[in-house]
Amino acid sequence: MSEIIISAENISKYYRLGTMGSGRLKEDFRNWFDKRFYTGRQPAGRRSVENGYPSPGTDASELWALKDISFEVSRGEVMGFIGRNGAGKSTLLKIVSRITMPTTGHIRGRGRVASLLEVGTGFHGELTGRENIFLNGNILGMKKKEIEAKFDEIVDFSGIESFIDTPVKRYSSGMYVRLAFAVAAHLEPEILIIDEVLAVGDSEFQRKCLGKMKEVSTQKGKTVLFVSHNMQALKNLCQRAIVLQKGRIVAMGDPASVIAGYLRQEKTQFLVSEFTDPMHAPGNEYIRMKKVELVPEYPDAAEIIDTRTPLLIRFEFSYLVEDPGDLIVGVHLFHITGDCIFDTASGKVSFGEGLIKGECLIPGNFLNDGSYYISIVFVRNTTIRLFYFESCLSFDVEDYRESGSWYGKWIGHVRPLFPVRLSRGENVDPSNDLSRNSSSR
Amino acid sequence: MNLSELWHYKDLLLRFVRRDLIANYQQTILGPIWIFLQPLLTTFVYYLVFGKIAKVKTDGISPLLFYLPGVIIWTFFSECLNGTMYTFLSNTHIFNKVYFPRLIVPLSIVVSQSVRFGIQLLLFFAVFVFHLFAYHDVNPSILPMLLLLPLLVCVTAAFGLGSGLLISVFTARYRDLDYALQFLLRLFMYAAPIVYPVSMVPEKYRFLCWLNPLTPVIETFRSVFFTGKPVEVQYLLISVASVSLLLLAGMVLFKKREVQVMDII
């Protein structure tokens, strides 16, 4: 019905990893020799080859990052991409933005593509904010005139007017990101490709960016491809979503159901995560996660979380901020549909650098049956968000009810046992009662 | 080659040029004065080492005038080559995140080097005019000078760009090339008549020396500005032809490989 603006047919992408070194030249030469003198016939004793590339799984250093990906996006549609790290999302976005080519398959796009695989690509520390707006804008494909026309708007959006003629190397990381995103938000390509750039900046600025993106897609009819781990954002922005797993599409369709399916399938992964290698643990220069786990206090040997089960959330992290200041850790519980059930926080505590442990108990007989996930937020001095560890735990709550009670589905995300008391009132004559009422009127 | 696409990104090209020119002289005390200082100091060193100590002849040209154009032209060539041959390596972070025609980057390097070269030419003109009126020791031929100067600039730039484009595809893949190339580039300087005139090369090997595309450029420059000797047209034509071929080959290979290179870097 509406015009197809991107169409991908059976895209696959093959990578050969690692193996830089002295073997390179020899192997290149052998490959060249093979190609030149063995074309058309399969040389005996050589490894299996599929379209000139080894078939998947033959060697650990070889990888099909994407395999047989097909999808179409129509004009004005917002498409979300979900998947674990390494599922191929970024590779796919790179192919759509023409940074790399698929090994096999075709992709066709119509219209100007701008890709935001990071914010501030090409920013140069020695140049001023003003110069960098132009540099970054040009790199993203804007013309000088377009940038000039929007310059004031960009500066305004970034909120750093007074530093616009300061070299960006003097900026705080927050200012840097704001400026970079402000340029990006004022791009007007036909196709906008965004890779998790919203994972930066403070929450107010994130909301501003989300709002801007929504405006771009709905009012201006732009096509947006969007990768994020922020399920709430995905659900709000996207018309369709694709779940990638190990380079293949495992689900595509309505975002709410696709996201629910994704989280459900991921759940076993999320009951406990321990990060032994601090270099690769989630976090940043302030916070480095060590462990998060959900410990259910099972009522019986079946070890099923049901509505009665108290759930203990435990987390450990390295606090890397040297100078003392107040730290607050908040726990956000979401229903799988993205609705926030609660947002609760620790009191202000002043800590120095070091390992910090925390826990939060969700009592039994509080949640309804369903799927939930938890995010943890780290806030400093009540205003600065240090780190947001999103969707770090997720779990399913099974139904439990004493025999004889209601058999239908309990509605609502929570099912607390608030007492609902019934008692017998005074034994009065209904006719008396009626007359008393009418007299009082 | 998609020319309309390149044209669309002309603003980006100019922006890169601007970035190079501004960023390079940030936090330096002398700033852009370095553009003048570098050739002057180099010329002075050559004058001391090759002129005074080694007593290399200068074809009867005043030593300062003799070395200066060679130094400027060589700098222009080697900076173009050095800037473009690491196109993929030094721009990985940008190429990995945004698409634009990759050719914009090497082209912008050649343009910004041309700006520096232009400024250095002004310095040369100043010295030249001073000699013309104060010492009367130069014999310029004005018309060939005006006609040939743009050609000489183009040949030098195309030589640097063409070989840079070719090499850039390989430096991305084989990192060892880096060491070899820097060494070769230093040697190659002595294969061009920068610190000596071609007339000093033994007759037997002079032909080989002329085949270096930079030789006709530098010698022609000296002929039209200083000596008024006839230009060696046949060698200049060979130079133009070989450099054009090199540039064409460089562009084709670069264009063909620009996407694949990013997967292996």
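The values are calculated or read from the model by the stated rules, or taken from the named source; none is laboratory data. Source: prediction; values computed, not measured. As a convention, Cβ positions derive from the backbone with ideal geometry for all residues, glycine included, and neighbour counts pool all protein chains shown. Only protein heavy atoms, including side chains, enter the accessible area calculation; ligands, DNA and RNA are left aside. Shrake-Rupley method; radii C 1.70, N 1.55, O 1.52, S 1.80 Å.
Taking the helices alone, the protein assembly as shown has a mean residue ellipticity at 222 nm of -14000 deg cm²/dmol, built from -39,500 (n - 2.57) per DSSP H run of at least 4 residues and averaged over all its residues.
Give me the Kirkwood hydrodynamic radius of the stretch A:87-163 in Å, from all C-alpha pairs, to one decimal place? About 14.5 Å, per the Kirkwood formula over Cα pairs. Highest mean packing first, where packing is the average number of other Cβ atoms within 10 Å per residue, the peptides B:63-76, B:119-132 line up as B:63-76, B:119-132. The listed peptides B:9-20, B:168-179, ordered by packing as a protection proxy, come out as B:9-20, B:168-179 (highest mean of other Cβ atoms within 10 Å first).
When each full DSSP H helix of chain B is screened for a Cα extent of at least 30 Å along its own axis and an average Kyte-Doolittle hydropathy of at least 0.0, the helices passing are B:63-84, B:104-134, B:142-173, B:233-264.
Given the C-alpha centroids of the stretch A:109-170 and the stretch B:184-222, what is the distance between them in whole angstrom? The distance from the Cα centre of the stretch A:109-170 to that of the stretch B:184-222 comes to 47 Å. Per residue, the convex hull around the alpha carbon atoms of chain B comes to 149 Å³.
For the peptides B:80-92, A:361-373, A:153-165, the ranking by packing is B:80-92, A:361-373, A:153-165, with the highest mean count of neighbouring Cβ atoms within 10 Å listed first. Listed by chain and number, the lysines whose alpha-carbon sits under 27 Å from that of B:Lys55, ignoring those within fewer than 8 places in the same chain, are B:Lys204, B:Lys229. The alpha-carbon positions of the stretch A:271-397 define a convex hull whose volume is 105 Å³ per residue.
Are there trypsin sites (Lys or Arg not before Pro) in the stretch A:337-418 that DSSP marks as loop and that have at most 10 other Cβ atoms within 10 Å, and which are they? Taking the stretch A:337-418 and a limit of 10 other Cβ atoms within 10 Å, the loop trypsin sites (Lys or Arg not before Pro) found are A:Lys409. Computed over the stretch B:116-195, the range of Cα coordinates on each principal axis works out to 53, 24, 21 Å, biggest value leading. Converting the Cα gyration tensor eigenvalues of the stretch B:69-151 into ellipsoid dimensions via √(5λ) gives semi-axes, longest first, of 37, 12, 9 Å. Across peptide A:102-110, the mean count of Cβ atoms from other chains lying within 10 Å of each residue's own Cβ comes to 0. Taking one equal scatterer on every alpha-carbon of the protein assembly as shown, how large is log10 of I(q)/I(0) by Debye at q = 0.06, 0.07, 0.08 1/Å? After summing over all Cα pairs, the log10 values are -0.52, -0.67, -0.82.
Dividing the Cα radius of gyration of the stretch B:172-246 by 2.2 N^0.38 Å, with N the residue count, gives 1.29.
Partner lysines whose Cα lies under 24 Å from the Cα of A:Lys235, excluding those fewer than 8 positions away in the same chain, are identified as A:Lys89, A:Lys94, A:Lys208, A:Lys212, A:Lys214, A:Lys220, A:Lys222, A:Lys246, A:Lys267.
Contact with the other protein chains removes 40 Å² or more of accessible area, compared with the isolated chain and a 1.4 Å probe, from these residues of the stretch B:171-192: B:Arg173, B:Tyr174. Computed about the Cα centre, the dipole magnitude for the protein assembly as shown is approximately 2200 debye when only Lys and Arg (+1) and Asp and Glu (-1) carry charge, each at its Cβ.
The three principal axes of the C-alpha atoms in the stretch B:37-84 carry coordinate ranges of 36, 18, 17 Å, sorted with the longest axis first. In this assembly, the A-B interface accounts for approximately 2900 Å² of buried accessible surface in total, computed with a 1.4 Å probe and without ligands, DNA or RNA. Among the trypsin sites (Lys or Arg not before Pro) found in the stretch B:54-148, those both in a DSSP coil and sparsely packed, with 11 or fewer other Cβ atoms within 10 Å of their Cβ, are B:Lys55.
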